[in-house]
Amino acid sequence: MSSLLQSFVDPKKNWLARQHMKSLSKRLRNYGLRYDDLYDPYYDLDVKEALNRLPREIVDARHQRLKRAIDLSMKHEYLSNDLQVKREKAEREALGGLPLYQRAIP
């Protein structure tokens, strides 16, 4: 891809791309999905390799989110507000648990 096109679709460099990513993420949360769940391992071999390197629990959680989203979509429903990500994060913080994705660079 040309550098001009890459800079146009990169959310870090383009304000419109960043706004599109935010609105899409907001709609995905209605189904309990994350933006990264949209990457297809059958389309991109790098995504397939990345999923193979992840721990089994994370991959299983991704598959559960995708199944739940398909089910909700077929029923024409949204995920209840109680189950959406913000409340889960707030609950973890209130209970003194670790953040969902605490990452450390070795």
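No lab work stands behind these numbers, since they all come straight from the coordinates. Source: prediction; values computed, not measured. Positions of Cβ are backbone-derived with ideal geometry, glycine not excepted, and every protein chain shown enters the neighbour counts.
Can you list the lysines whose alpha carbon is less than 28 Å from that of Lys13, not counting same-chain residues fewer than 8 positions off?
Output for Lys13: Lys22, Lys26, Lys48, Lys86.
Please report, in debye to the nearest 20, how large the charge dipole of the stretch 1-61 is about its Cα centre when each Lys and Arg carries +1 at its beta carbon and each Asp and Glu carries -1 there.
Working: 11 positive and 9 negative charges, 92 e Å.
Computed charge dipole of the stretch 1-61: roughly 440 debye.
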